[in-house]
Structures are given as C-alpha cells and as structure tokens.
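Following: one structure in structure tokens, then a few remarks.
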2 protein chains.
Amino acid sequence: MTSQDQAKQVAPVGFDEEGGALQLGELSELLGYSLKRAQLKVFEDFLRCMAPLQLTPAQFSVLLLLDKNPGRNQTEIANTLGILRPNFVSLLDALESRDLLTRMRSPSDRRSHVLMLTDKGRATLARAKKLVATRHEARLIEVLGPAEHKALLGMMAKIAREF
Amino acid sequence: MTSQDQAKQVAPVGFDEEGGALQLGELSELLGYSLKRAQLKVFEDFLRCMAPLQLTPAQFSVLLLLDKNPGRNQTEIANTLGILRPNFVSLLDALESRDLLTRMRSPSDRRSHVLMLTDKGRATLARAKKLVATRHEARLIEVLGPAEHKALLGMMAKIAREF
DNA sequence: TATTGTTATACTCTATAACTATA
DNA sequence: TATAGTTATAGAGTATAACAATA
C-alpha cells in the first residue's frame, strides 16, 4: 500500500506547540488564499445585510444590471455577469416568480426574451441599494477607511480586467 | 487556441444602443462583485501556473500548512483552513494516494490522525512554492506593482480578520 | 445553418446528520 | 457522555451537450 516508514525528520513525539494556534506561515503571503477568505466574508456580510429582502449577490447584480440596461435579452445579461446561459434560467425563474422582473418575447426576434424590471423589481432594487450602502459598504469603509476602500476597488477591477 | 480567449470583449464606450456593450453601472462600485471576479481570475492563474504539479489552491494550502505545523491532526488543519472535517477526508485521500502525506494514528489518542508530509510531499511543496513565486505571484506583482500588491495583501488579511 | 432559451446532466464545493472507534 | 475520523447525502455553483422554436 502506501508508505509507512518515511518522515523521520520530525518525530511524532515532542510536540512543542500542543494545543497552540497554528502557524499560517507563507499562507498569509498567498494572495489567492487571502482573497478567497476575504471574498467569503464579504458575501456573508452581504447576505446578512440583505436578509430583509432575501436577495443573493448574484440576484442583486442581475437587478442592478437590468435597471441600467433595460430591454436586453438573457444572453446579453448573462454574458456580462459571467453566468452561463443554462444556469441563468433558474436564476431568472426565481426572480420572475417573485414578480421582480418580466420576460417578454422580443417582437423583432421571437427567439429572444427581453428582460425588464417590474415596478416591484425597481422598488425592491431601491431598497436593496439602500441596504447595501448603509449597512454593507458602510461597514467595509469603516474597517478599511475610505481611501483604502477606493484603492481596493481599483485593484480588484484591475485584476479582473488585466490579469 | 491562443493565450487570449475572448471571455469578455470590451467594446468602445458610447455604444449604449442595440448591440453595444452593457453599462455595468453601480456594479463596478460593488466591492463584493469585483472581489469575486478578481478571486476567480487569480485561482484560474494559480491552476495554470501549477499545472505541472497538478495541485489545486486548497491542496497547496494543506501542504503549506502541514510543512509549517507537522504532527497536527485533521481537525486542527481543517479548521485552520476553514474546511469542514467531512469534506477534508477526500482531500486528504487524494494527497495521501499520491504519497504526498501520511496519516498516522496518534499514540496518545488513537482516535486522531497525525498528519505529516512525506519526503515526496516536501519535494513537491518546494517545487510548488517556486512555481507560485516565479509564475503566479510574479505576474500579480507585475500587474499591480510591488507596493499595491503588498497593500492588497494587508487589506485582504484585514477583511478576513476584522470583517 | 446558426442562435435563443431551455432541459438534462455531471462535477465540484459546501453543509449537516449519523455512524465507528476511541476517550 | 464526548470527540476524531468517516460515510452518506443534499444543496449550491458551474460546466457541456442537445433539443425546439426561430432566424
């Protein structure tokens, strides 16, 4: 089977750190690692702040994009958000069943569905934006400071664009 | 296939009518959104750079942590990495089957498995570290600049810690 | 023939309950 | 009784193929 007689450099006896906190070591210098953990924290906080409206980050991004770009079809919105078309269907089903948006067959190309926010969708988006600004982003700015928060936004955009 | 895939074509601005690029709007000010997209890019690049060794970010983090903290059990390592114990099992199975680490029953508490890198595990980790430094982090530093890269690390750690 | 929305499907991650063997 | 490792399982998120309607 597998090996059983190597690893003689560090004996299983003589633990000098029994029960103590582990050394992260080079892990804390690994940007991907910190980035992932920070991203999880930020999404957790987003969900907490958005709990009254029951919107996920992905759902919020769809409403935001639709408000700024009315009359687009599913493929255009999904592509812009990096969501694959098949996976976009159930996401839209959920929002449409909550009457936040509508799918309408395009008169010019009856294959495509034109997406538009409903009045309820616009109202919900307005409340959602307020929650994000006053609870979520406000807390981030409080932790980082306004200058670093802005710098961070720039760096994230740069990585997403140029990396 | 060239090195440049057309994941997202950026059309010239000013095309707000039919067929033009969509307006991201407030989406670009949403830190969680940029953070997520940046994190995906960084992990993609990590996998590309690490392709010769076939290590995922999670696997690399386990090797790194084990090297710095030999003789710990599965629960301690998993908790430190934010991995749930049940999900840690198959991750370890994969690394152990590649002879990169060993599980040994602890003599003091026969319930727990003491984890240690094998010689092959240490050698692989050394090669992995070199790939990360010379290919992955080097590219990040090239895009961001050394000062911003360092600042970014600090901010990510701060969010992961205080947020 | 090509494209839009869709279904089906599969694979990875993540999360919870419950089992076993030890303590 | 409680804990460490494990199994089973379920749910998200993500990926590809293929089909019907339409172009």
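All of the numbers you see were taken from the coordinates with simple rules; none came from a lab. Bear in mind that the values here come from a model prediction, so they are computed numbers and not experimental data. Every residue, glycine among them, receives a Cβ derived from its backbone with ideal geometry; neighbour counts consider all protein chains shown.
Count, for each residue of B:72-81, the Cβ atoms from other chains sitting within 10 Å of its Cβ, then give me the mean as a whole number.
2
Counted by neighbouring Cβ atoms within 10 Å, the residues B:Ser112, A:Ser34, B:Ser97 run from fewest to most as B:Ser97, B:Ser112, A:Ser34. What does the charge add up to near A:Leu125, with Lys and Arg as +1, Asp and Glu as -1, over the other residues with Cβ less than 12 Å from its Cβ? Around A:Leu125, the surrounding residues sum to +3. Distances between placed amide hydrogens fall under 5 Å for B:Gly71 paired with B:Leu115, all partners being 5 or more residues away or on another chain.
Per residue, the average separation of C-alpha pairs within less than 8 Å and at least 6 apart gives chain A a relative contact order of 19 percent.
In the range A:54-162, if the dipole is taken from +1 on Lys/Arg beta carbons and -1 on Asp/Glu beta carbons about the Cα centre, which of A:Ala160, A:Ala78, A:Gly145 is farthest to the positive end? Result: A:Ala78, furthest along the dipole toward the positive end. Label separation (A:Glu44 vs A:Asp99): 3.6 nm, computed from points 7 Å beyond Cα along the C-beta direction.
Backbone phi angles across the range B:148-159, fed through the Karplus curve with coefficients 6.51, -1.76 and 1.60 (θ = phi - 60°), yield HN-Hα couplings of 5, 4, 5, 4, 5, 4, x, 5, 4, 5, 5, 5 Hz in residue order; Gly and Pro are listed as x.
Given R0 = 41 Å, the distance between the Cβ atoms of B:Ile141 and A:Thr134 translates into a calculated FRET efficiency of 0.70. Cβ-Cβ distance of B:Ala58 and A:Arg127, R₀ of 41 Å, FRET efficiency by 1/(1 + (r/R0)^6): the value works out to about 0.65.
In the assembly of identical copies, B:Met104 has its label point, taken 7 Å from Cα in the direction of the beta carbon, separated from the corresponding points by 7.1 nm (ascending, one decimal).
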